[in-house]
Amino acid sequence: MALNGIQIFKMTPKTNCKDCGSPTCMAFSMKVAQGAVDISACPHMSEEALATLADATAPPMKTIKIGTGDAEYTLGGETVLYRHDKTFVSRPRYAVGLCSCMEDADVDAKLEGLKKVDYERIGEKMYVELIYVNYNPNNGQDKYLEMVKKAAATGRTLVLGCQDEAVAKAALDICKDAKPVLNGATAANAEAMSKLATDAGVVLGVSGADLNEIYDTVAKIEGLGNKNLVIDVTGADVKATFANAVQVRRAAIKDEDRTFGYPSIVNLSRVAGGDKYLQEALAALFTMKYGSIIVVDEMTYAQALPLYGLRQNVFTDPQKPMTVEPGIYPINGGDENSLCLTTVDFALTYFVVSGELERSGVPCNLLISDAGGMSVLTAWAAGKLSSGTIAKFIEEQVKDKVKCRKLVIPGKVAVLKGDLEAKLPDWEIIVAPNEAVQLVKFMKEMNA
């Protein structure tokens, strides 16, 4: 089989492949086309064919990696403009911005403040992943390099906003092993910055006065052999920045123009001034349209909670519901003697129920069993939530960890009460109200 005159498979089409099991070359090719298997899985591919097909089948937006170890993040790799078309691939990463024009005390306060955003939601750690360190020539090189050292000491991945080649080189000498982004290439210094980033093995950020200049600069850097890039789409104001972000993404995915096929940086510190509320609103906007690295002046817990929740919702595969890990979740200081309630592992159900239980102020244990990520009635109809599954979960994972023998089940599956009493004779089975909002009154009356 050949593509553009290149011999792809060296095997005969009618023979079964001992490696991939496909009865014909065409069967394997169809699997590749459907994304079910990677083309490199076939050992009969020639190297020339692999190189050609790798470019032909790669996403229209290049996948870029930044950082190292636990602080390594994947950007780009997107294939659609809208999440409902398929799914978004690489979630945006949030950065707190620092500038060498700031006072040392303010820098220290910001670095200390970003540590407070550190929590877990539905199995995902939520924290500020990046620090954007911007160079202001008016404040000198030494102050900037000291700030880079402080930022690097946090263990977060850095984005170095610096267009001065000498200063950028000195900054990279401090942190290049952690694979930061060097956001410093312009039309004026493209060749020098590309060489600097390539020598250091880091991603290069490209910016310009408008999209035409950015496009020409990216094309020039690609001509130098460097395709390890991100595009800074930040414009003169919010309107220009939004237009840039959308046009770059559309050009890459809809028009298949790979010159614009790179992740983006959106610096809200530049377009929204010191208005933290506007920055938060814009961060939500660019989470959906289409920032890869989003820079804000600060990130508090109150700002992070809705923003990170939005990101998690948007960048979760719509075909795979978000679920909570099965287990025992103490609420309001619940212990082994506290009342037990059970519901499904569907994340939305968990947050609604746990929120109402917290409002009641009554100590309790919320028991989450595996229900396939379905809501209560859907799981019951599908057989994922039944007296058998609940009883098995209680026997295997709960009864040895709690002393209380009262179990509250969702009101919408009250029909399970009799079977559960038979399967769990030592437990008192109680039916909760049908709606979660009624749990506050229900719990207070139970605790009276």
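The values are calculated or read from the model by the stated rules, or taken from the named source; none is laboratory data. Everything numeric here is computed off the predicted structure, so don't read it as measured data. Note that we place each Cβ from the backbone using ideal geometry, even for glycine, and neighbour counts take in every protein chain shown. Only protein heavy atoms, including side chains, enter the accessible area calculation; ligands, DNA and RNA are left aside. Shrake-Rupley method; radii C 1.70, N 1.55, O 1.52, S 1.80 Å.
From the residues in the range 286-298 that are of a type in the set (A, V, I, L, M) and buried (at least 22 other Cβ atoms within 10 Å of the Cβ), which one is nearest to GLY205 (Cα to Cα)? Looking at residues that are of a type in the set (A, V, I, L, M) and buried (at least 22 other Cβ atoms within 10 Å of the Cβ), I get ILE293.
Give the range 133-146 a look and list any residue that's buried (at least 24 other Cβ atoms within 10 Å of the Cβ) and in contact (Cβ under 8 Å) with a residue 40 or more places away in the chain, or say none.
In the first step, residues of the range 133-146 are kept if they are buried (at least 24 other Cβ atoms within 10 Å of the Cβ); the result is 133, 135, 144.
Within the range 133-146, TYR144 is the sole residue that qualifies.
Helices (runs of 4 or more DSSP H) fully within the range 306-417 that include at least 3 residues being touching a residue at least 12 places away in the same chain (Cβ under 8 Å) and in contact with a Ser or Thr (Cβ under 8 Å, 6 or more places away or on another chain): 347-360, 387-393.
Please work out which residue is nearest to LEU196 (Cα to Cα), limiting yourself to the range 224-249 and to residues that are among the hydrophobic types (A, V, I, L, M, F, W, C) and assigned to a loop (DSSP other than H, G, I, E, B). Explain how you work it out, then say what you get.
Residues of the range 224-249 that are among the hydrophobic types (A, V, I, L, M, F, W, C), as a first pass: 224, 229-231, 233, 236, 238, 240, 242-243, 245-246, 248.
Pick out the ones that are also assigned to a loop (DSSP other than H, G, I, E, B) and you get 224, 233, 236.
Details: LEU224: 12, VAL233: 22, ALA236: 27 Å.
That would be LEU224.
When residues in the range 147-160 are screened for being crowded, with 18+ Cβ neighbours inside 10 Å and assigned to a loop (DSSP other than H, G, I, E, B), 1 of them pass. Taken as a whole, the range 196-215 holds no residue that is in a loop (DSSP other than H, G, I, E, B), touching a residue at least 60 places away in the same chain (Cβ under 8 Å) and open to solvent by 20 Å² or more (accessible area, probe 1.4 Å). Give the range 268-280 a look and list any residue that's crowded, with 18+ Cβ neighbours inside 10 Å and without any contact (Cβ under 8 Å) to a residue 24 or more places away in the chain, or say none. GLN279, the sole residue that qualifies.
Answer with yes or no whether LYS227 is open to solvent by 30 Å² or more (accessible area, probe 1.4 Å), closer than 30 Å to LYS116 by Cβ and out of contact with any Ser or Thr (no Cβ under 9 Å at 6 or more places or on another chain). Against the criterion (open to solvent by 30 Å² or more (accessible area, probe 1.4 Å), closer than 30 Å to LYS116 by Cβ and out of contact with any Ser or Thr (no Cβ under 9 Å at 6 or more places or on another chain)), LYS227 does not qualify.
Tallying residues that are out of contact with any helix residue (DSSP H, G or I) (no Cβ under 7 Å at 6 or more places or on another chain) and either closer than 13 Å to GLY261 by Cβ or crowded, with 16+ Cβ neighbours inside 10 Å (or both) within the range 80-93 yields 4.
Going through the range 161-190 one residue at a time, which ones are of a type in the set (A, V, I, L, M), closer than 19 Å to GLY69 by Cα and open to solvent by less than 20 Å² (accessible area, probe 1.4 Å)? Reasoning before the result, please.
Our first condition is that a residue be of a type in the set (A, V, I, L, M); within the range 161-190, this holds for 166-168, 170-172, 174, 178, 181-182, 185, 187-188, 190.
Retained after the next criterion (residues that are closer than 19 Å to GLY69 by Cα): 172, 174, 178, 181-182.
Result: LEU172, VAL181, LEU182.
A residue that is at pLDDT below 70, part of a loop (DSSP other than H, G, I, E, B), of a type in the set (Asp, Glu) and open to solvent by 50 Å² or more (accessible area, probe 1.4 Å) cannot be found anywhere in the range 54-61. Restricting ASP177, ASP173 to residues that are out of contact with any Phe, Trp or Tyr (no Cβ under 7 Å at 6 or more places or on another chain), closer than 22 Å to ALA95 by Cα, among the acidic types (Asp, Glu) and touching a residue at least 40 places away in the same chain (Cβ under 8 Å) narrows the list to ASP177. Looking at LYS125, LYS115, just one residue is over 26 Å from ARG270 (Cβ atoms) and either open to solvent by 50 Å² or more (accessible area, probe 1.4 Å) or of a type in the set (A, V, I, L, M) (or both), and that residue is LYS125.
Going by the conditions given, is ALA283 open to solvent by less than 30 Å² (accessible area, probe 1.4 Å), touching an Asp or Glu at 6+ places or on another chain (Cβ under 6 Å), part of a helix (DSSP H, G or I) and at pLDDT 95 or above? When the stated conditions are applied, ALA283 does not pass them. For the range 409-426, a tally of residues being among the aliphatic types (A, V, I, L, M) and either touching a helix residue (DSSP H, G or I) at 6+ places or on another chain (Cβ under 6 Å) or crowded, with 17+ Cβ neighbours inside 10 Å (or both) returns 5.
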